[in-house]
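A.B. asks: Take a look at the following structure, please.
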Amino acid sequence: MEAPKVIAGLARIVRDVGVAEDLAQDALVAALEQWPQSGIPNNPGAWLMQTAKHRAIDLLRRKTLLERKHQELGYEIEIEQALTAPDLDAALDDDVGDDLLRLMFTACHPVLSTDARVALTLRMLGGLTTEEIARAFLVPDPTIAQRIVRAKKTLAKAQVPFEVPRGADRAERLSSVLEVIYLIFNEGYSATAGDDWMRPALCEEALRLGRVLAELATQEPEVHGLVALMEIQSSRARARIGPDGEPILLLDQNRMLWDRLLIRRGLAALARAENLEAEVGPYLLQASIAACHARARTPEETDWRRIAALYQALASLTPSPVVELNRAVAVGMAYGPKAGLDLVDALVDEPTLKDYHLLPSVRGDLLNKLGRVDEARAEFERAAALTRNTRERELLLKRAAVTT
C-alpha cells in the first residue's frame, strides 16, 4: 500500500524510476528485518520514506565522490533539508499527491510502447508483482519482467524528467495516462483470451488508479469522464457472469444485481466532468452512453436513440471502425435490425476488423433478428473461431446452436 508513495517520493529526488524502486525495496526489506523486534512504527509510511531517503543519500554521496556532479550535490542538500525538517510526516504528506501524479506521468510517458506503459504502471502504481501482471495478460513471466526492465532503462536513457508537464505536453501525456488506465480496465472487463470472461483484479486496479488521478487532476474533465465510465461499467460485474462463470449479455442481465452505489458514484463523476464546461472528449461520451444503460430500469426503457446519437458524436470525434460497429448495434436497437445491418455490412471489408470476432458476432445477431438464420449461424460460428476467450467461444457456439 505504501510502495507507490515511497517510490514516487524517491523518484522526485533521484530522478530515476528504476533506482527509486530499488531504494524502496531496500527500505521494505529493512522493515521486515527490524519491525518484528522494534514493533511497527506509528507512521509506517514515514518510516519507510525516511529509511529509503537515507539510502538515497548514501547512494548520491557515492556517486558524488566518483562524478562530482553539482546537480547531485543539490539533490543531497535537498534530501538533508527534508530529513531535518521539524515535521517530517507533514512534509511527506504535503508532497505525496504531487509525487504520485509525477509518477503516473512518468510511467505512462509516450517514449515507451503501450505494452511497456501498462506493465510499468501496474508494477509501480498498482503494486502488482511481475507474476500477477503476466498472469493477467496471459504472457510468460520473463516477457513482463523484460518489458519493465527495458521501460526503466528507456526512461533513464531518454532522461525523462520526473515532473507533471505543462501546456501542450501536459495534454499529450495526460492522454497517454488515461489510455493506459482505459486499456487495463478493458482487459479486466472483457478478457482478450483465457478461461475467464472477466479479470476483476485488473478492473479494480484501473478504477483505483482513476480515482487517485481524479483527486490529483480535479480540473480535467476527461479524467472524471473515464472514472465515470469505469464506475458504471464496474456496477454490472456481478450480473455479467453466471453461476458457472458463463457470460451474461447486457440485455439478459438481472439489473437488481447492478451495484447502485457504483452507479451513483459514476453519475456523480459524470456530472463533475460536465460541469467543467470544457470540450466534450471521448471518455465523457462513453460515460454518457454507459449512463443511459445505468438509468434504464429495464432493457425496454433504454434510450437507444440517444445512445446512437452519442456514438455518432464519438465517431466524429475519434473515427474508428470499432466505434462504427458499436454505433451499428445502437442504430439496430433504435431503428431496426435492417438499419444496423446496413452499417455493419459497410465494415465487412475493413482490414482492421478482419480478425475482430465482434464483427461477425454483431452481424449474426442482426441477421438472426431479420430471420436469416442460416447466415446468422455461420456468423456466430465464425466469431467463435476468431475469439481467444474460452467463455466467449462457448457463448457464441451456444448462440449458433439455438439460432432457428
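The values are calculated or read from the model by the stated rules, or taken from the named source; none is laboratory data. Quantities reported herein were computed from a predicted structural model and do not represent experimental measurements. Please note: Cβ atoms are built from the backbone with ideal geometry, for glycine as well, and neighbour counts cover all protein chains shown.
A.B. asks: Do we find that ARG327 is free of Cβ contacts under 8 Å to residues at least 24 places away in the same chain and over 20 Å from ILE289 (Cβ atoms) in this structure? First the steps, then the outcome.
C.D. replies: On the way: free of Cβ contacts under 8 Å to residues at least 24 places away in the same chain: yes; over 20 Å from ILE289 (Cβ atoms): no.
So ARG327 does not fit the description; no.
A.B. asks: Hand me the list of helices (runs of 4 or more DSSP H) wholly inside the range 1-109 holding 1 or more residues that are out of contact with any Pro (no Cβ under 8 Å at 6 or more places or on another chain) and either assigned by TED's automatic domain parsing to the domain that holds THR121 or at pLDDT below 75 (or both).
C.D. replies: Working: elements: 3-14, 17-38, 44-67, 70-83, 88-107.
Counting at least 1 such residues, we get 44-67, 70-83, 88-107.
A.B. asks: For the range 332-364, name all the residues that are part of a helix (DSSP H, G or I) and without any contact (Cβ under 8 Å) to a residue 24 or more places away in the chain. It would help to see each step written out before you state the result.
C.D. replies: Keep residues of the range 332-364 that are part of a helix (DSSP H, G or I), which gives 332-335, 337-345, 351-353, 358-364.
Those that are part of a helix (DSSP H, G or I) and without any contact (Cβ under 8 Å) to a residue 24 or more places away in the chain: ALA339, ASP342, LEU343, VAL344, ASP345, PRO351, ARG363.
A.B. asks: On to the next question. Could you give me the residue pairs with C-beta distances under 6 Å whose first residue belongs to the range 127-155 and is more than 15 Å from GLY18 (Cα to Cα) and assigned by TED's automatic domain parsing to the domain that holds LEU207, whose second residue is loosely packed, with under 15 Cβ neighbours inside 10 Å and aliphatic (A, V, I, L, M) wherever it lies, and which are 6+ apart or on separate chains?
C.D. replies: LEU138/ALA193
A.B. asks: Continuing with the same structure: Just for helices (runs of 4 or more DSSP H) wholly inside the range 178-276: which have at least 2 residues that are buried (at least 20 other Cβ atoms within 10 Å of the Cβ) and touching a residue at least 60 places away in the same chain (Cβ under 8 Å)? Talk me through it step by step, then tell me what you get.
C.D. replies: Details: elements: 200-216, 221-234, 237-240, 260-275.
Once the helices (runs of 4 or more DSSP H) in the range 178-276 are filtered for at least 2 residues that are buried (at least 20 other Cβ atoms within 10 Å of the Cβ) and touching a residue at least 60 places away in the same chain (Cβ under 8 Å), what remains is 200-216, 221-234.
A.B. asks: Of all residues in the range 204-216, which are in contact with an Asp or Glu (Cβ under 9 Å, 6 or more places away or on another chain) and not small (Gly, Ala, Ser)? Full working, then the answer.
C.D. replies: If we filter the range 204-216 for residues that are in contact with an Asp or Glu (Cβ under 9 Å, 6 or more places away or on another chain), which is where we start, we get 206-207, 210-211, 213-214, 216.
Those that are in contact with an Asp or Glu (Cβ under 9 Å, 6 or more places away or on another chain) and not small (Gly, Ala, Ser): LEU207, ARG211, LEU213, LEU216.
A.B. asks: Filter the range 334-364 down to residues that are surrounded by fewer than 21 Cβ atoms within 10 Å (Cβ to Cβ) and aliphatic (A, V, I, L, M) and give me whichever is nearest to HIS293 (Cα to Cα). Steps first, please.
C.D. replies: Filtering the range 334-364 down to residues surrounded by fewer than 21 Cβ atoms within 10 Å (Cβ to Cβ) leaves 334-339, 342-343, 345-358.
From the residues that got through so far, the ones that are aliphatic (A, V, I, L, M) too are 334, 339, 343, 346-348, 353, 358.
On the way: ALA334: 14, ALA339: 21, LEU343: 22, ALA346: 26, LEU347: 25, VAL348: 28, LEU353: 26, LEU358: 20 Å.
Step by step, filter the range 334-364, then rank; the result is ALA334.
A.B. asks: Among the residues of the range 152-168, write down those that are under 18 Å from LEU100 (Cα atoms) and part of a helix (DSSP H, G or I).
C.D. replies: First, pick out the residues of the range 152-168 that are under 18 Å from LEU100 (Cα atoms): 152, 155, 160-166.
Matches in the range 152-168: LYS152, LEU155.
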